[in-house]
Structure formats: C-alpha cells, structure tokens
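S.K.: Sharing a structure, written as structure tokens. Questions coming.
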Amino acid sequence: MAKDTIKGRVELGADGVARVRLLIKHPMSLESRDAATGAVKPPHFIEELSCSLNGTVVASSDLGQAISANPYIEFHIKGAKKGDKIGVKWRDNTNDTDQGEFAI
C-alpha cells in the first residue's frame, strides 16, 4: 500500500456546497520502451478513484492512462456541513492502493 500520496483541501461554502481539491502523487505512466536497452516498461496508472462523505460514496471514477502524472482532481459535494469527513481511495493497475480522510 502506498503511503501519503493524497493531499487534499476541503472548503465549505455558505450554501452548504463543499469544494474538494485533491492532488495525488502517482506516475500515471504509459507502456514504453527504453531507448537504450529496448526493454519494455509496463504501464502504471490509477484505475479507480472513489470519494465518500461520512462513509457514503458520493463520487467515483474510472481513470486510465490518458491522465497526467500527479493528477489534480476537483469536485463539489452538496449538503456537506462542518465536521463531516471526506474519504478518498484509489487503486492502480498494479493493485497498489492509498486512502486519505479530510475534515470539513
């Protein structure tokens, strides 16, 4: 399991909409060939990302190789309030995972 790959910030607006901003440290690399040796480097990318509000999944997405390295993801959650917890989990194509939790 990867450690400390998710940085996040959550801001609560006056209208009860939480703005969630995430930065995930991950190479998100394509399959490539080493120019010097000709060896194939396998791809390494996040496949699944899910976000929850107090344990209930509110957003999920299937990512792939077309996403840039260290992806920045932003979304909004309606009905959030101060004290709620935002949970974030990802899994990549090598079955490596990480998760984080952020308080509003």
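Just so it is clear, none of the values below were taken in a lab; they were calculated from the coordinates. Every value quoted in this text rests on a predicted model; they were computed, and no experiment measured them. FYI the Cβ positions are ideal-geometry reconstructions off the backbone, even for glycines, and counts take in every protein chain you see.
S.K.: Enumerate the calculated ³J(HN,Hα) couplings along region 12-17 in order (Karplus 6.51 cos²θ - 1.76 cosθ + 1.60, θ = phi - 60°), each rounded to whole Hz, writing x wherever the residue is Gly or Pro.
M.R.: Result, ordered by residue: 9, x, 5, 8, x, 9 Hz.
S.K.: Under 16 Å Cα-Cα from K3, which lysines qualify once same-chain neighbours fewer than 8 residues away are excluded?
M.R.: K25, K89
S.K.: Under the definition of Cα pairs under 8 Å and six or more residues apart, what whole-number percent is the relative contact order of region 1-63? Before the final figure, lay out each step's value.
M.R.: Values: 79 pairs, mean separation 12.3, N = 63.
So the answer I get is 20 percent.
S.K.: Could you sort 55-63, 21-29 so that the peptide with the highest average Cβ count within 10 Å comes first and the rest follow in order? Show your work: numbers first, answer last.
M.R.: Details: 55-63: 12.6, 21-29: 16.7.
In descending order of packing, they fall as 21-29, 55-63.
S.K.: Let me ask another. Report the charge-dipole magnitude of region 13-104 in Debye, nearest 20, computed about the Cα centre from +1 at each Lys and Arg Cβ and -1 at each Asp and Glu Cβ. Could the numbers behind the result be given before it?
M.R.: On the way: 11 positive and 12 negative charges, 75 e Å.
For region 13-104, the charge dipole is close to 360 debye.
S.K.: So, one more: Quick one: net charge of R19's neighbours, Cβ under 12 Å, K/R +1, D/E -1?
M.R.: Net charge in that neighbourhood comes out at 0.
S.K.: Sticking with this one: With Kirkwood radius over Cα pairs in Å defined as stated, name the option among [x] 14.7; [y] 14.2; [z] 13.8 computed from the structure displayed.
M.R.: [x]
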